[in-house]
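Here's the structure, in structure tokens; my notes come after.
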Amino acid sequence: MTGVQTCALPILLQESGRFDEAIVHAQRAVKLDPGDAEAHASVARALAALGQDEAALAAWQKAIALAPDRADFYVGVGGVWTRLGRLGDSESALRRALELSPHHVGARFTLGSVLEQAGRFQEAEGCYRQVLHVHPENADVHVTLARVLDAQGRLGEAEQTVKHALAFDPQNPSAHLVLGALRASEGRFREGEQSYREALRCQPHCAQAYFNLANIKRYTGLQDTDVQAIDALLARPEIPESDAAQLHFALGKICNDCGAYEKAFCHYREGNALKHRCA
């Protein structure tokens, strides 16, 4: 059986979200041919998808040792380095990917994200603009570009850019969130609220939208429909802890507005506990 045939099943399983099975089959492929770089890469991808970043890193390093000229392998390991907080290592891997494949859009976009996280906004802007040169109608890239323009204090450009995103994808919740934040930062709170409401229309379970709303509105009663919606979200067993933290912070602010200070304290305490667990 060839390496391509051996790795086909793990790839199909990964594409269908069956990552545990993908790891089993990919590891079997590695045992059959320890020198098959693609088999090691399949293990790495599945492990990364399951959040097992240290193990994924080791698998990526084996794949790269066997095939040092594969740009996509460096993009993969760069993603793992990023999640581990090793932005310098991630940047090095992504720049190596671009040396091998200068037109690799995924590598360019991911490098922009790493530079943005490092606070190097002008360099990140350059990466995102290069991606848009290839994919000018990609709404998500317009949103990320708007974010780094905002970080540089270029609010007018940022708002125009996020409006481009919405022209291409009016249902993009991230675009509405960024537009709302831009409007709120200029004191345009009513317009900001409208944008956050649009984000919720597009994505009803958007914790970030409720968090942002709570921070630009002054609430007068705990019977507000926002409180009811947040309580319903917190009751969902599958809610991510990071989302739950934001929702508790939102309720803390709302309770504080309404003079329910003991309840506010409890929500802030729970939000902080969840935030620390996610860190």
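The values are calculated or read from the model by the stated rules, or taken from the named source; none is laboratory data. What you see is a predicted model, and the numbers here were worked out from it, not measured in a lab. Heads up, the Cβs are rebuilt from the backbone with ideal geometry, glycines too, and the neighbour counts pull from every protein chain shown. Only protein heavy atoms, including side chains, enter the accessible area calculation; ligands, DNA and RNA are left aside. Shrake-Rupley method; radii C 1.70, N 1.55, O 1.52, S 1.80 Å.
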For the stretch 112-126, which positions are within 19 Å of V77 (Cα to Cα) and either touching a residue at least 60 places away in the same chain (Cβ under 8 Å) or part of a helix (DSSP H, G or I) (or both)?
G112, S113, V114, L115, E116, Q117
Can you tell me which condition Y210 does not meet? The list is (1) closer than 23 Å to N172 by Cα; (2) open to solvent by 40 Å² or more (accessible area, probe 1.4 Å); (3) of a type in the set (S, T, Y), and all the others hold.
(2)
Do we have H164 as part of a helix (DSSP H, G or I), under 17 Å from the mean Cα position of the chain (by Cα) and not hydrophobic (A, V, I, L, M, F, W, C) here?
no
Report, by residue number, each residue of the stretch 109-124 that is open to solvent by less than 50 Å² (accessible area, probe 1.4 Å), of a type outside the set (A, V, I, L, M) and closer than 17 Å to H142 by Cα.
T110, G112, S113, E116
Residue, nearest to the chain's Cα centre (by Cα), within the stretch 51-80, restricted to residues that are open to solvent by 40 Å² or more (accessible area, probe 1.4 Å) and more than 21 Å from K31 (Cα to Cα)
G51
Determine whether the stretch 144-155 contains at least one residue that is closer than 25 Å to P240 by Cα and modelled with pLDDT of 95 or more.
yes
Among (1) at pLDDT 95 or above; (2) among the charged types (D, E, K, R); (3) buried (at least 16 other Cβ atoms within 10 Å of the Cβ), K275 falls short only on (1)
Using beta carbons and a limit of 6 Å, which pairs, at least six apart or on different chains, have the first residue in the stretch 63-87 and closer than 15 Å to E116 by Cα and the second one in a loop (DSSP other than H, G, I, E, B) and at pLDDT 95 or above?
L87/A118
